[in-house]
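Peer 1: Right, I'll just put the structure down here and ask away after.
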Amino acid sequence: MSYVGPDFDPPQPRHSRRRTLTVAVAALVPGALLGWVMYEAVGGPGDGGGSGNAAVRPSSATPSSTAPTVSATNDDKPPGPTPTTESTADSTSAPAASGPLKGKVVVIDPGHNPNNFQHTAEINRKVNIGTNWKECDTTGTSTNDGYTEAKFTLDVAHRLRTLLQKQGATVKFTQDGDRSWGPCVDERAEIGNKAHADAVVSIHADGAGAGQRGFHVILPAKVNAGAANTGPIVTSSRDLGERIAGSFVRLTGSAPSNYVGDGTGLVTRKDLGGLNLSTVPKVFIECGNMRDSKDAALLTSGAWRQKAARGISEGIVSYLEE
Ligand SMILES: [Zn+2]
């Protein structure tokens with residue numbers, strides 16, 4: 001679907017990137033199919049993804065008001081320094097003195113916010129995303145045992161930040177659980193735009209039906225309505241997205257979603273404010289389906305989350321190094 005989506009312009013081949021890209025895509029598809037077959041055959045350490053929309057819509061299983069009860073393994077603390085408590089919107093952390101990403105700015109958008117469930121009035125307020133009006137933010141989903149998506153996204157974001165900083169990148173967050181709610185989807189895009197980010201990744205996990213498994217990367221469709229004009233970022237965002245999908249398969253061993261993206265792990269959408277309002281290369285990743293027990297077993301594992309962060313990181317590095 002995503003390669004020929006009706007509302008999507010096929011990417012304009014760019015010389016060297018295209019060759020590398022073809023390799024990446026070539027690596028992705030068979031690897032993914034292989035991964036999936038393996039996955040089905042042995043129920044191995046694969047992974048599942050989501051129906052796109054669930055990422056922004058609280059599933060019926062909105063996390064209970066009580067704090068998450070399950071933290072899977074005792075290694076679910078991301079390595080590296082504990083994030084500071086000061087407000088993180090615009091907060092930058094110390095990049096390594098040198099590295100392949102020296103001088104590059106990466107904005108990480110941990111999906112939802114652990115405090116959103118206490119601010120339903122604020123997050124239900126509508127904001128303009130160019131094509132239409134949409135809720136400011138949502139609570140996100142959770143596993144059947146109560147491990148929340150909002151906690152998952154922050155954990156993976158912290159791990160990813162550490163990996164990118166080690167390679168010299170300047171990393172900014174849209175939120176770090178230090179805001180009472182949100183930010184709204186339009187402000188999340190604005191933070192990346194204002195930072196003139198070289199790449200932005202929004203981290204999510206889905207709340208789809210049991211048995212629906214695999215990850216998927218969401219790419220911006222070409223939209224030009226109101227404040228939304230994604231034309232300038234469609235090709236670069238696809239390049240970023242394809243590389244992240246390729247390295248995510250490689251590093252996690254997970255297969256692309258088996259219910260969106262036709263096995264490609266890529267989906268193009270025009271109804272996400274965070275993408276529509278972006279003026280810099282940006283993708284969303286749905287790392288797995290929290291409502292599927294096999295996926296949940298992976299998503300609640302610190303060791304798997306570290307692999308997921310490495311997969312996203314290597315995709316970003318591959319994109320920025322070109
Ligand atoms: Zn989400």
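Peer 1: Exactly one of these conditions fails for TRP133: (1) open to solvent by less than 20 Å² (accessible area, probe 1.4 Å); (2) under 19 Å from ARG269 (Cα atoms). Give me its number.
Peer 2: (1)
Peer 1: Output the residue which, of all residues in region 201-235 that are touching a Pro at 6+ places or on another chain (Cβ under 7 Å) and open to solvent by less than 10 Å² (accessible area, probe 1.4 Å), is farthest from VAL127 (Cα to Cα).
Peer 2: Going through the qualifying residues, I end up with GLY214.
Peer 1: Do we have any residue at all in region 151-161 that's modelled with pLDDT of 50 or more, closer than 24 Å to ASN276 by Cα, surrounded by fewer than 21 Cβ atoms within 10 Å (Cβ to Cβ) and touching a Cys at 6+ places or on another chain (Cβ under 9 Å)?
Peer 2: The answer is no, given that none of the residues of region 151-161 is modelled with pLDDT of 50 or more, closer than 24 Å to ASN276 by Cα, surrounded by fewer than 21 Cβ atoms within 10 Å (Cβ to Cβ) and touching a Cys at 6+ places or on another chain (Cβ under 9 Å).
Peer 1: Also, quick follow-up: Any idea which residue in region 131-149 is farthest from HIS112 (Cα to Cα), counting only those that are within 14 Å of the ligand (Cβ to nearest atom) and among the polar types (S, T, N, Q)?
Peer 2: Checked region 131-149; the qualifying residue farthest from HIS112 (Cα to Cα) is THR143.
Peer 1: Would you check if ARG179 is closer than 24 Å to PRO114 by Cα, at pLDDT 95 or above, open to solvent by 20 Å² or more (accessible area, probe 1.4 Å) and not hydroxyl-bearing (Ser, Thr, Tyr)?
Peer 2: yes
Peer 1: OK, next. If the requirement is being touching a Gly at 6+ places or on another chain (Cβ under 7 Å) and away from the ligand (no atom under 16 Å from the Cβ), which of these qualifies: ASN193, ASN128?
Peer 2: ASN128
Peer 1: Next question. For region 240-287, enumerate the residues that are of a type outside the set (Val, Ile, Thr), part of a helix (DSSP H, G or I) and surrounded by 24 or more Cβ atoms within 10 Å (Cβ to Cβ).
Peer 2: LEU240, GLY241, GLU242, ARG243, ALA245, GLY246, PHE248, GLY261, GLY273, GLY274, LEU275, ASN276, listed by residue number.
Peer 1: Considering only region 263-281, I want to know if a residue exists there that is in contact with a strand residue (DSSP E or B) (Cβ under 6 Å, 6 or more places away or on another chain) and among the acidic types (Asp, Glu).
Peer 2: Looking for residues that are in contact with a strand residue (DSSP E or B) (Cβ under 6 Å, 6 or more places away or on another chain) and among the acidic types (Asp, Glu), one finds none in region 263-281, hence no.
The values are calculated or read from the model by the stated rules, or taken from the named source; none is laboratory data. Remember, it's a predicted structure, so these values are computed and weren't measured experimentally. Using ideal geometry, Cβ is built from the backbone for each residue, glycine included, and neighbour counts are taken over all protein chains shown. For accessibility, only protein heavy atoms count, side chains too; no ligands or nucleic acids. Shrake-Rupley method; radii C 1.70, N 1.55, O 1.52, S 1.80 Å.
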